[in-house]
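I have placed the structure first, in the form of structure tokens, so that the comments after it can refer back to it.
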Amino acid sequence: MHQTMSPPLVRRRLRVSGIVQGVGFRPFIYGLATDAHLGGFVGNDTDGVFIEVEGDAAALDQFAADVDALAPPAARVQRVESEEVPATGHTSFGIVASHHAAAGTALVSPDLRTCDACLTELHDPDDRRHAYPFINCTNCGPRFTITERTPYDRPDTTMRPFPMCSRCLAEYEDPADRRFHAQPNACPDCGPVVESVPAASDPIGETCRRVASGEIVAVKGLGGFHLACDAMADAAVGLLRERKGRVDKPFAVMVADLTTARSFAQIDDDEARLLTSRERPIVLLAKRADTNLADAVAPGNGHIGIMLPYTPLHDLLLAPGDVWVMTSGNLAEEPIVTGNDEALDLLSSLADAYLLHNRDIYVPCDDSVVRILDGAEYPIRRSRGYAPFPVPLPFDVAPILATGGELKATFCLAAGRDGFMSQHIGDMENLETLDAFSRAVEHFTELFRIEPETIAADLHPGYLSTKWAERHPLPVVKVQHHHAHIASVMAEHGISEPVIGFSFDGTGYGTDGTVWGGEILVADYERFDRVGHLAPVPLAGGNAAVRHPARMALAHLQAAGIPWSDDLAPVLHYTESERQLIATQIEREIHTVPTTSMGRLFDAAAALSGVRQTASYEAQAAIEFEALVDRSEGCSYDFAITDAGDRIVLEPGPVLRAIVDDLRDGISTGVIAARFHTAVTTMIVAVAERIRSRTGIATVGLSGGVFQNVTVTHAAAIALSEKGFSVLAHRLVPPNDGGLALGQAVIAATRR
Ligand SMILES: [Zn+2]
Ligand SMILES: [Zn+2]
């Protein structure tokens, strides 16, 4: 008989980075270590979580594997680094105080939807937080929107004015409790409260009554105010449109549960997963034909944006079966309103009543908008629930700030391998939005302790974001718009080799000073070749052209040599003298600029097909055109693809002539829409093959706002794959200008 020697003790120091603070990470580590009878300690610092564990080597290996594999639901582990240190013989395990060092970039968690455990308590009449609209724990609740600075501790959040009562404090200090170090922990005795204006004893019940009776209520949420009304009531939705001055642009709705959502939208398994995900974005879903939703919610649109409740307040407001419009509480194009006084002032012309609360919103953050494309997430607006979690970069970058574009503005603050994309800021066309942009940049630089050494900006001299960059003393690197789009989709996929990029959008400033938008590039991060583009047509009135698809149609008809005859809808839209004026303008190039915009070609085709002649928001005609596509149609129109020197030019003339012929033959708009969409897809594949045969490049990137059109994106991705191409579509940032800053950052970092 012999006795087994106990294996020698080993001690390791682990650093865990990612979202590991305020998500129940230390109690989780405490539990792992004590279960395995390991000695040591765990604590927070500005870089994340530090751990020392002591035990035998096999147990420590298992421990390190479990740290990543079993992490709590709200945690996102980016890296675990480990080094050996001398053993001390300590056998107990403890949680030690936070270290506040000067440097470091602990990640800040996005806001998290209410967890199931908290929801159970919320609806339990015996629970002390029954019906308490601010219930939360380490697995859920507000994060980014209440965080003023890091490390993430209660005094650095807008929960500062609410000292915890003894019962909340006991939970907060107990490592075994779900609320251990939950910074926003609160209860009815010590936490924030709701109030209604006009005052009522039951503010939540009062809000429900008002909405049910057709009123519009401004509801303070997580990242700002919503304007809420009954989405089943035509009159209420109409009133909201009238007061907001928002003619047709779709409203998103909130419903209590999936069952209610299914009553008016088609929802597959991937979409259901996204609707109920912890990010809880607005999900764009196909509308059911038999819906009794008010028509005015998303007129002319085949899709409807739906979200499920993400705060306990929403859960208390919406009962199963309720469908509420929940649109950002703001004036026209200004940023979302966050403060109580601001709301009472600015929203007074929009709302009949208010549901307020006294927890301040430090960071304005709009709802995210996401759809499913081929089984995976396809972001349209990356904001609440996603920001400020970083996008991983394909290579190390020196600290840089990329200021993005103009519409759907976001910026990217990057250093090392982290690209911190901001929340959605809005359309940078007014000073209020520019101020919001400046404040957000300041907040990000403080939060992540990144001092940019370079600023990247769009080439457009008129963009407010470019002017903002130029006012700074740092070196500014200008990046061409469509190159940035392609670089952003490359960066997401970690691709550094040159790709064939289809950069299709409404407008972007070209290196020749004209308006680009139908661009085919061979690009890497360093440079791009404009190997092809749509044939230019004269664009009248610059950005105002967005509102006038009929004008774009006339310009395209003219360029294609198709007479403006009276049977064509865009021609009929204008009087004889207006037509004369437009013709002169085009011929003499007065107040026009050449454009290769693909977005405007979609508008023109939609107008020509009779879909609509004026638009009240960008791409409205194109969106309605897509909604009409007859999915059973198999034919296509054809672009003329010509070589002009070493450049490929896409002539839409044959497509437009075919549309006119089909119109005269009485072919339905749905069939025409289908043939047009297929023409774009077919052209993409043909052009990609032509470029592959010259360059050998077999990777294709699809980016730019036109690819929000999933009919085109889906069909192009499939057809390209069938031809042996590897296809890059956006999965982390939007294809529209909301994703531009990521591309600017990697291009400028490469050029430096
Ligand atoms: Zn919870
Ligand atoms: Zn309390």
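A single member of GLN613, GLN585 is of a type in the set (S, T, N, Q) and assigned to a helix (DSSP H, G or I), and it is GLN585. Taken across segment 534-541, residues that are among the β-branched types (Val, Ile, Thr), at pLDDT below 95 and within 21 Å of ALA619 (Cβ to Cβ) do not occur at all.
Condition first: small (Gly, Ala, Ser) and within 16 Å of ligand 2 (Cβ to nearest atom). Can you find one or more residues in segment 139-160 that meet it?
Start the filter on segment 139-160 by keeping residues that are small (Gly, Ala, Ser), which leaves 141.
With the extra rule that they be within 16 Å of ligand 2 (Cβ to nearest atom), the set shrinks to 141.
Among the residues of segment 139-160, at least one is small (Gly, Ala, Ser) and within 16 Å of ligand 2 (Cβ to nearest atom), which makes the answer yes.
Restricting GLU271, GLU279 to residues that are in contact (Cβ under 8 Å) with a residue 40 or more places away in the chain, open to solvent by less than 40 Å² (accessible area, probe 1.4 Å) and touching a strand residue (DSSP E or B) at 6+ places or on another chain (Cβ under 7 Å) narrows the list to GLU271. More than 16 Å from ligand 2 (Cβ to nearest atom), modelled with pLDDT under 95, out of contact with any helix residue (DSSP H, G or I) (no Cβ under 6 Å at 6 or more places or on another chain) and not in a loop (DSSP other than H, G, I, E, B) - does that describe any residue in segment 105-117? Checked segment 105-117: at least one residue is more than 16 Å from ligand 2 (Cβ to nearest atom), modelled with pLDDT under 95, out of contact with any helix residue (DSSP H, G or I) (no Cβ under 6 Å at 6 or more places or on another chain) and not in a loop (DSSP other than H, G, I, E, B). When ARG129 is tested against the conditions (1) open to solvent by less than 10 Å² (accessible area, probe 1.4 Å); (2) in a loop (DSSP other than H, G, I, E, B); (3) in contact with a strand residue (DSSP E or B) (Cβ under 9 Å, 6 or more places away or on another chain); (4) within 13 Å of ligand 1 (Cβ to nearest atom), the lone failure is (3). Taken over segment 391-411, residues that are over 16 Å from PHE437 (Cβ atoms) and not aliphatic (A, V, I, L, M) amount to 5.
Of the strands (runs of 3 or more DSSP E) lying entirely inside segment 1-91, the ones with 2 or more residues being loosely packed, with under 13 Cβ neighbours inside 10 Å, out of contact with any helix residue (DSSP H, G or I) (no Cβ under 7 Å at 6 or more places or on another chain) and touching a residue at least 24 places away in the same chain (Cβ under 8 Å) are found at 76-85.
Kindly indicate which of ASP322, ASP257, ASP315, ASP295 is farther than 29 Å from ALA387 by Cβ, open to solvent by 10 Å² or more (accessible area, probe 1.4 Å), among the acidic types (Asp, Glu) and more than 22 Å from the chain's Cα centre (by Cα).
ASP295
Residues of segment 579-593 that are modelled with pLDDT under 95 and not aliphatic (A, V, I, L, M): THR584, GLN585, GLU587, ARG588, GLU589, HIS591, THR592. What's the number of the condition ALA658 fails, among (1) under 30 Å from LEU407 (Cα atoms); (2) open to solvent by less than 40 Å² (accessible area, probe 1.4 Å)? The one condition ALA658 does not meet is (1). Where strands (runs of 3 or more DSSP E) sit wholly within segment 183-272, those with at least 2 residues that are of a type in the set (Val, Ile, Thr) and either away from ligand 1 (no atom under 16 Å from the Cβ) or at pLDDT below 95 (or both) occupy 194-197, 217-220, 253-255.
Does segment 153-163 contain any residue that is within 16 Å of ligand 1 (Cβ to nearest atom) and at pLDDT 95 or above? Talk me through it step by step, then tell me what you get.
Step one: of segment 153-163, the residues within 16 Å of ligand 1 (Cβ to nearest atom) are 159.
In the following step, the residues that additionally are at pLDDT 95 or above were identified as 159.
Yes, segment 153-163 contains a residue that is within 16 Å of ligand 1 (Cβ to nearest atom) and at pLDDT 95 or above.
Scanning for something aliphatic (A, V, I, L, M) and either under 30 Å from GLY696 (Cα atoms) or not in a helix (DSSP H, G or I) (or both), does segment 429-449 turn up at least one residue? No, there is no match, as no residue in segment 429-449 is aliphatic (A, V, I, L, M) and either under 30 Å from GLY696 (Cα atoms) or not in a helix (DSSP H, G or I) (or both). Pairing residues of segment 178-202 that are over 23 Å from CYS165 (Cβ atoms) and more than 7 Å from ligand 2 (Cβ to nearest atom) with residues that are among the small types (Gly, Ala, Ser) and at pLDDT 95 or above, at Cβ distances under 8 Å and at least 6 apart in sequence or on separate chains, gives SER196/ALA353; VAL197/ALA353; PRO198/ALA353.
Among the helices (runs of 4 or more DSSP H) confined to segment 463-570, the ones with at least 1 residues that are more than 23 Å from ALA729 (Cβ to Cβ), open to solvent by less than 10 Å² (accessible area, probe 1.4 Å) and in contact with a strand residue (DSSP E or B) (Cβ under 6 Å, 6 or more places away or on another chain) are located at 464-470, 549-559. The residue of segment 330-345 that is least open to solvent (accessible area, probe 1.4 Å), among those that are at negative phi, out of contact with any Pro (no Cβ under 8 Å at 6 or more places or on another chain) and at pLDDT below 95, is ASN330. Considering only residues that are open to solvent by less than 30 Å² (accessible area, probe 1.4 Å), in a loop (DSSP other than H, G, I, E, B) and out of contact with any His (no Cβ under 8 Å at 6 or more places or on another chain), look in segment 620-643 and name the one that is nearest to VAL687 (Cα to Cα). The extreme case among them is PHE639. For segment 243-254, the set of residues classified as open to solvent by 10 Å² or more (accessible area, probe 1.4 Å) and out of contact with any Pro (no Cβ under 7 Å at 6 or more places or on another chain) consists of ARG243, LYS244, GLY245, ARG246, VAL247, LYS249, PRO250, ALA252, listed by residue number. Filtering segment 164-182 to residues that are closer than 19 Å to ASN44 by Cα and within 16 Å of ligand 1 (Cβ to nearest atom) leaves GLU171, TYR172, ASP174, ALA176, ASP177, ARG178, ARG179, PHE180, HIS181, ALA182.
The values are calculated or read from the model by the stated rules, or taken from the named source; none is laboratory data. Worth saying up front: this structure is predicted, and the values here are computed from it rather than measured. Quick reminder, even Gly has a Cβ in these numbers, built from the backbone with ideal geometry, and neighbours come from all protein chains shown. What goes into the accessible areas is simple: the full protein's heavy atoms, side chains included, and nothing from ligands, DNA or RNA. Shrake-Rupley method; radii C 1.70, N 1.55, O 1.52, S 1.80 Å.
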